[in-house]
Amino acid sequence: MIADRPARLLAFLRDHLGGQRVAFGQAPRRLSGGAITEVLSFTLTGTSDAWAGPLVLRLYPVTDDRDQPRLEQAIQNGAAEAGFPAPQVLLAHCEPDVLGQMFVVMQRMPGRAFLRGIRWDQFTRDFPRVIVAWPALLARLQKRLHELDPSSVLEATAILKLPPSSVSTRRHVDFVERRMEEFGGDGAREALEWVRANEPPQPPSPSVVHGDLWPANVLLKRGNLTGVVDWNVAAVGDPALDVGFAKAGLALIPAPFPPPPPIRQGLTAAGGSVARRFHEQYNNLRPIAAERVQYFEALRCLFQLATVVRFRAEVALGMTPSHPRPPWDRGVPALTKYFTAVSGVPIQVP
């Protein structure tokens with residue numbers, strides 16, 4: 001965090017909360033995780049209600065859409081109101097004028113992440129737990145989320161004056177189309193045609209979806225679920241997106257942070273097994289058409305590639321990249337191979 005940001009944040013919060021007695025109990029310090037956004041924890045004194053507990057400051061990349069903080073506020077607060085353990089967003093600031101980046105302040109949920117790190121050396125420490133327990137836990141967690149009444153999320157979206165399209169799972173298809181059309185080159189044209197031709201219709205009863213239910217985003221305490229974090233790709237729409245995105249992410253282990261062989265081969269085989277078992281267990285709880293899941297498995301690959309191709313295009317043009325190197329820039333071969341295996345369509349990334 002830039003040196004004067006804590007002072008700027010405190011001054012802003014004093015003004016927002018209307019009290020000069022507000023002070024840091026614990027100054028902001030970085031939390032682990034946050035591959036895309038910078039996440040810090042802190043506490044305040046001289047406050048009450050939700051502001052008196054442990055807090056999280058989440059800073060957004062400068063390239064993010066200006067509505068992103070309010071979108072997460074609507075989804076998280078709506079999900080929390082419906083009884084799901086999402087952190088309540090207390091403040092969403094959609095301008096970079098205070099800290100140089102947009103940010104939200106939210107409750108810090110208790111517990112420890114099911115997976116404590118995403119680097120391979122951290123990952124292998126917890127992976128035995130992932131192999132044994134994650135498929136059933138994830139299936140139950142997704143079922144619980146997908147059966148929430150989405151009306152509280154949609155009402156929060158309307159109160160914040162966000163367009164309905166901003167909260168739809170369709171926005172992820174739009175993102176892929178825009179980025180791949182602009183930066184994907186000829187090698188992505190057939191893949192884009194497949195995405196457009198095979199997109200399933202929206203379900204008659206939409207669900208709240210998280211989009212990134214990865215073990216590092218699920219918090220537990222004494223074996224009990226206490227929180228789900230990182231709602232940056234959450235939406236309302238097709239629950240198959242959650243299933244497909246999670247299945248692809250598990251099947252692609254250990255990309256984009258590959259360990260040396262032979263650990264790599266072992267993790268790859270185990271990841272495929274975890275992905276299949278998760279899908280089977282979700283289907284046992286809440287059946288879903290296989291072709292819908294496959295579509296979103298393929299879209300997950302293009303979703304990550306869409307970020308990579310913009311970064312590579314900027315580097316190739318000698319520009320200063322608009323965002324840091326995406327982690328999946330190291331996993332492009334795995335993404336393209338998986339996309340082709342699911343869709344039957346070849347893709348080449350410039």
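Observations on the structure shown:
- Where helices (runs of 4 or more DSSP H) fall entirely within region 241-350, those with at least 1 residues that are in contact with a Cys (Cβ under 8 Å, 6 or more places away or on another chain) are at 332-343.
- Restricting region 178-202 to residues that are of a type outside the set (Val, Ile, Thr) and open to solvent by less than 30 Å² (accessible area, probe 1.4 Å), the residue that is farthest from the chain's Cα centre (by Cα): Gly187
- Arg125 vs. criteria part of a helix (DSSP H, G or I), modelled with pLDDT of 95 or more and either touching a His at 6+ places or on another chain (Cβ under 7 Å) or surrounded by fewer than 21 Cβ atoms within 10 Å (Cβ to Cβ) (or both): no
- In region 284-305, the residues that are in contact (Cβ under 8 Å) with a residue 40 or more places away in the chain and closer than 17 Å to Leu252 by Cα: Val293, Gln294, Tyr295, Phe296, Glu297, Ala298, Leu299, Arg300, Cys301, Leu302, Phe303, Leu305
- Set side by side, the residues Val62, Val22, Val56 differ, and just one is touching a Ser or Thr at 6+ places or on another chain (Cβ under 8 Å), open to solvent by 60 Å² or more (accessible area, probe 1.4 Å) and touching a residue at least 12 places away in the same chain (Cβ under 8 Å), which is Val62.
- Any chance Leu219 is assigned to a strand (DSSP E or B) and surrounded by 20 or more Cβ atoms within 10 Å (Cβ to Cβ): yes
- Condition check for Val208: of a type in the set (A, V, I, L, M, F, W, C), part of a helix (DSSP H, G or I) and either closer than 21 Å to Gly249 by Cβ or open to solvent by less than 40 Å² (accessible area, probe 1.4 Å) (or both): no
- Tabulated pairs, region 73-89, first under 22 Å from Arg112 (Cβ atoms), second assigned to a helix (DSSP H, G or I) and at pLDDT below 95, C-beta under 8 angstrom, 6+ apart or interchain: Gln88/Ala50
- Of the residues making up region 128-155, those that are at pLDDT 95 or above, assigned to a helix (DSSP H, G or I) and among the aliphatic types (A, V, I, L, M) number 8.
The values are calculated or read from the model by the stated rules, or taken from the named source; none is laboratory data. Keep in mind it's a predicted model, so treat the numbers as computed, not measured. No Cβ is skipped: glycine too gets one built from the backbone with ideal geometry, and neighbour counts run over all protein chains shown. Ligands, DNA and RNA are stripped out before the accessible areas are found, and what is left, the full protein with its side chains, is counted by its heavy atoms. Shrake-Rupley method; radii C 1.70, N 1.55, O 1.52, S 1.80 Å.
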